[in-house]
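Chemist: Supplied in structure tokens, the structure appears directly below.
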Amino acid sequence: QVQLVESGGGLVQAGGSLRLSCAASGRTFSSYGMAWFRQAPEKERAFVAGISRSDTTIYADSVKGRFTISRDNSKKTVYLQMNSLKPEDTAVYYCALAQGGGVLVAPRVYDYWGQGTQVTVSS
């Protein structure tokens, strides 16, 4: 069983930055694919960014150039650096883990999820 714990959410003004962290339990973190999703009120959960076990990264078009996903296998942690934040980035952000090691945009391929952390961007 793997547990994911997110942190780093909060309230920020438009144009500001936040860094989200997701710490994972388990002994083989380096073999997992990791991703961030977000869900705004009354909207479906949407892919934000992902990083494979080989450090291949993919991003949603809406965040390209503003968000950066990275991982530190020694700390079993994945990060999401969010810059130039916009009010439309407001959502609950979820960390997700794929045991297969790849990274895809579909939520169904992920085996474990964190509890979520709220990000609110004020205009």
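The values are calculated or read from the model by the stated rules, or taken from the named source; none is laboratory data. Nothing here was measured: the structure is a model prediction, and the numbers come from that model. Every residue, glycine among them, receives a Cβ derived from its backbone with ideal geometry; neighbour counts consider all protein chains shown. Accessible surface areas use protein heavy atoms only, side chains included; no ligands, DNA or RNA. Shrake-Rupley method; radii C 1.70, N 1.55, O 1.52, S 1.80 Å.
Chemist: May I ask you to derive the relative contact order of the chain, considering only C-alpha pairs under 8 Å and at least 6 residues apart, and to give it as an integer percent? Walk me through the numbers before you get to the answer.
Modeler: Details: 312 pairs, mean separation 44.7, N = 123.
36 percent.
Chemist: Follow-up. Considering only DSSP beta bridges with both partners in the chain, what is the antiparallel share in %, to the nearest 5?
Modeler: If we restrict to bridges inside the chain, about 90 percent are antiparallel.
Chemist: Net charge near S30: determine it from the other residues with C-beta under 9 Å of the C-beta of S30, scoring Lys and Arg +1 and Asp and Glu -1.
Modeler: On the way: positive: R53, R71, K76; negative: none.
Result for the local shell: +3.
Chemist: Could you give the dipole magnitude of the chain about its Cα centre, charging the beta-carbon of Lys and Arg +1 and that of Asp and Glu -1, in debye to the nearest 20?
Modeler: On the way: 13 positive and 9 negative charges, 50 e Å.
Using only the charged Cβ atoms, the result is roughly 240 debye.
Chemist: Leaving out ligands and nucleic acids, note down the accessible area per residue over the stretch 32-123 with a 1.4 angstrom probe, in whole Å².
Modeler: I get 49 Å² per residue for this part.
Chemist: So for the chain, taking the charge dipole from beta-carbon charges (+1 Lys/Arg, -1 Asp/Glu), which of T120, S30, T68 sits furthest toward the positive end?
Modeler: Value: S30.
Chemist: Further, regarding this structure: Amide H of D111 versus every other amide H placed in the peptide plane: which residues, excluding those fewer than 5 positions away on the same chain, fall under 5 Å?
Modeler: L97, A98, Q99
Chemist: Let me ask another. Out of the total accessible area of the stretch 1-90 (probe 1.4 Å, heavy atoms of protein only), what percent is carbon and sulfur? Let's see the in-between values first.
Modeler: On the way: 2130 of 4800 Å².
Its accessible area is 44 percent carbon and sulfur atoms.
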